Amino acid sequence: DTLEGLCLPAGLSPRKSWRKCLGRGKSGHLCLVCCPRDPAPDEAEEDIYGVFGRQYFTERNKLQTSNKNLTEERDQLQTSYNILTKERDQLQTRYKTLTEERDQLQSSHKKLSEVAGQLQASYKTRTEERDKLQRDRDIFQRLLVKYPNGWKVFGNNIYYVSTEENNWEYANEDCLKRGAQLVIINNQEEQKFLITLNKRSWIGLTDRETEGTWKWVDGTPLTTAYWGGKEPNSGGGIYKDEDCAEINNIWYSDPVKNWNDDLCTTQLNWICENVIN
Ligand SMILES: [Ca+2]
Ligand SMILES: [Ca+2]
Ligand SMILES: [Ca+2]
């Protein structure tokens, strides 16, 4: 089928040509004369494998190019994947750090809230204390005007110890003149306070109306008493009819057992009491 010859392609060196005869026509053989170009291995192969070889090599070249492209794409994807993996790891680290920071902030916020709550409570207490002190100051300022000298405050009451001595009736009248009354002892705390005044004194208690039935000057009956020894003894048969009560810290040293009933004409100091309002 083939016949070797010589061909001269433009600008290239002379080379062997070859031809391929496709078949017999009316006027003889129908052949293709081919001249190889410079130097192409594929075409050299084509020289060997012919037209069908060309299709094969074209396809192969396409596949090789495609493979090369795919390899490049794979490498790019691999690089991208590596970068993305790295970024994901960084983001995970960042997320972890942020989560820890958030937890710390939440913890901090909780502590600060507690401190704020304590401060608010403290502030409220201080404000209440201040208001009470202001009220007390106002009360004492009024008391200073109303009760100049010789009056002493205990709880919500104010007390006056006389400087002179006189009988129970005089003492009672004197307290009324001072806008007060002879002291009524309502509880043990008040009893103990009166002892600190350290004066044998009349108190506002009497059984003048009915012997043995002791009443305070405001008409209320005696419920809790602090009699000393065997008092009240109404004179114990020696003195008659002791109807007025006194605090007697001379005879009795127990601060909650020192009342005595005495003759109402006895000359003693006395204690007046008034309620602060
Ligand atoms: Ca009282
Ligand atoms: Ca009596
Ligand atoms: Ca007595």
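Bear in mind these aren't lab numbers, they're just calculated from the coordinates by the rules spelled out. Remember, predicted model here, so these are calculated numbers, not experimental data. Neighbour counts run over all protein chains shown; Cβ positions are idealised from the backbone, glycine included.
Odds and ends about this structure:
- Under the criterion of Cα pairs below 8 Å and six or more residues apart, the relative contact order for the chain equals 15 percent.
- Environment charge at Cys264 (Cβ cut-off 9 Å; Lys +1, Arg +1, Asp -1, Glu -1): -4
- One decimal place: the segment Tyr56-Lys192 gains 36.2 nm when fully extended, by the rule 0.36 nm per residue minus the C-alpha distance.
- Computed from Cα atoms, the angle from the helix 168-177 axis to the main principal axis of the chain rounds to 50 degrees.
- For the stretch 150-275, alpha-carbon Rg relative to the globular expectation (2.2 N^0.38 Å, N residues): 0.96
- Label positions at Ile250 and Gln90, each projected 7 Å from the Cα along the C-beta direction, are separated by 10.2 nm.
- Mean ellipticity per residue at 222 nm, deg cm²/dmol - from DSSP H runs of n ≥ 4 across the chain, formula -39500 (n - 2.57): -16500 deg cm²/dmol
- Residues Ile276 and Ala121, FRET efficiency given R0 of 35 Å [Cβ-Cβ distance, rounded to 0.05]: 0.70
- Over every Cα atom in the chain, the radius of gyration and the widest Cα-Cα span, Dmax, amount to 63.5, 187 Å.
- Under the simplified labelling scheme, the Val153-Thr99 pair shows an inter-label distance of 6.4 nm, with each label point 7 Å from Cα along Cα→Cβ.
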